[in-house]
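Notes to accompany the following structure.
Where a number appears in this text, it was derived from the coordinates with a stated rule and is not lab data. It should be emphasised that the depicted structure is a prediction, and the values quoted were computed from it without experimental measurement. Cβ placement follows ideal geometry from the backbone for every residue including glycine, while neighbour counts extend to all protein chains displayed.
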Amino acid sequence: MPMNYDLSCVSLNKSFGDLEAVRDVSFDIPRGSFFSILGPSGCGKTTLMRMIAGFESPSSGDIQLKGKSVVSLPPNRRNVKMVFQHLALFPMMDVAENIAYGLRCQGKSKAEIKRRVADVLERVSLPDVGKKQVSQLSGGQRQRIAIARCMVLDPDVLLLDEPLGALDLKLREHMKIELKQLQDQFDTTFVYITHDQSEALVMSDHVAVMNQGRFEQVGTPQALYHSPGTPFVAGFVGDSNRWNGWVIQRDASGIQLETENGMSMVSTNGAPEARNGDQVSVFVRPEAISVQPIHAKQQQSSAQVNRLQGVVQSVLFNGANSRLLVRTADGQRLETEYPQAGGHSGINKGDSVQLQWSWQQSRCFLN
Ligand code: ATP
């Protein structure tokens, strides 16, 4: 029995009639981790979370908390707490009463409740808000109180169902960092579900990418970004340019392919099983593509690069994350990083540019 795991799911399935909402999902979460489940709307994230919390019964499979099966226990007998997007704080109670509610239900003494509420408010860095009404708190403070209300009960696992979804962008960016710090401080496993890849990548120790009820890949944010295992993960995690094409020639040095729009490209990354004539998808990250104005002296480069020429259609300025949209003569549109420092920072809309990226940065998957 894996005693060093806070949560394990074993071959979990859930069907609603003919619809298989969760399909053969298995994973183990080590003690004290930040684990995110990332996937598009309708992929089964909430259903999986509801099964872990006990609000939904699996069609088959097992759920273990700290190595013990809880699959047949009702929600109140599982040491799991859940924070919802809409937080579900009680508006008629002040903050301290909200946090104390679960402890009161457990029949704890007044003195213990007072001590534990003060302690958890200190830990979420809001020691002085106990007497305030929920309506007097900011959005970020309410988030922290919703977490405090769960953490005061000392759960084995805290489940968070898109808790930043209702916040404005700036506060969401701030709360990502706060949530990670809170998880670190409590040293309790957080399981976080989201469709926002940036939230998952920034906060998590490990991320499971979910698609159509299945886990496509589980890994560190770095592994998912740099070594996606499937075309879905390559397309869903981070931004990519994508082409569909055919293998023209496969040899020891890599795959020579032609895209649907007639472009020739070489990939030395992925699809080891591809053979001549196979259909493939190729993904290239915007930051892997270097851009030069055509009139500039062309940079010396190794022979192992793919090259294209095009015209800048738009400059998408966003500080360090700025991008260029470049359209080629045959109508392909590529997204590239916008070089802001050095000799090529003056690239503007309408400029002719040369794009190049290494064979190794063209990640290929068999379709
Ligand atoms: P979102 O991000 O939009 O909340 P999700 O990834 O959380 O989506 P789920 O809510 O788990 O997805 O839904 C997965 C699939 O199961 C969907 O097709 C949904 O319509 C279906 N589903 C969920 N709950 C039920 C139910 N009680 N009865 C029937 N179908 C359901």
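The figures follow:
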{"quantity": "At 1.002 mPa s and 20 °C, Stokes D of the chain from Kirkwood alpha-carbon radius, µm² per second", "calculated": "92"}
{"quantity": "Distance cut-off 25 Å, percentage of C-alpha pairs in segment 89-217 lying past it", "calculated": "28"}
{"quantity": "Trypsin sites (Lys or Arg not before Pro) restricted to DSSP loop in segment 103-162 with at most 13 other C-beta within 10 Å", "calculated": "K131"}
{"quantity": "Peptides ranked, highest mean first, by Cβ atoms within 10 Å: ranges 69-79, 43-53", "calculated": "43-53, 69-79"}
{"quantity": "Most mobile listed residue (L316, L121, L257) in the chain, GNM with C-alpha springs under 10 Å", "calculated": "L316"}
{"quantity": "Cβ-defined net charge surrounding L48, 10 Å radius [Lys, Arg +1; Asp, Glu -1]", "calculated": "+2"}
{"quantity": "Whether segment 178-273 is rounded, prolate or oblate, judged on the alpha carbon gyration tensor where a/c under 1.5 counts as rounded", "calculated": "prolate"}
{"quantity": "Relative contact order (%) - segment 83-162, alpha-carbon pairs under 8 angstrom, separation at least six", "calculated": "49"}
{"quantity": "Choice from A146, A303, A100 showing the highest fluctuation, given a GNM over the chain with Cα pairs closer than 10 Å", "calculated": "A303"}
{"quantity": "Gyration tensor (alpha-carbon) shape descriptor, segment 214-357, a/c threshold 1.5", "calculated": "oblate"}
{"quantity": "Cα gyration tensor shape for segment 1-94, rounded if a/c is under 1.5, else prolate or oblate", "calculated": "oblate"}
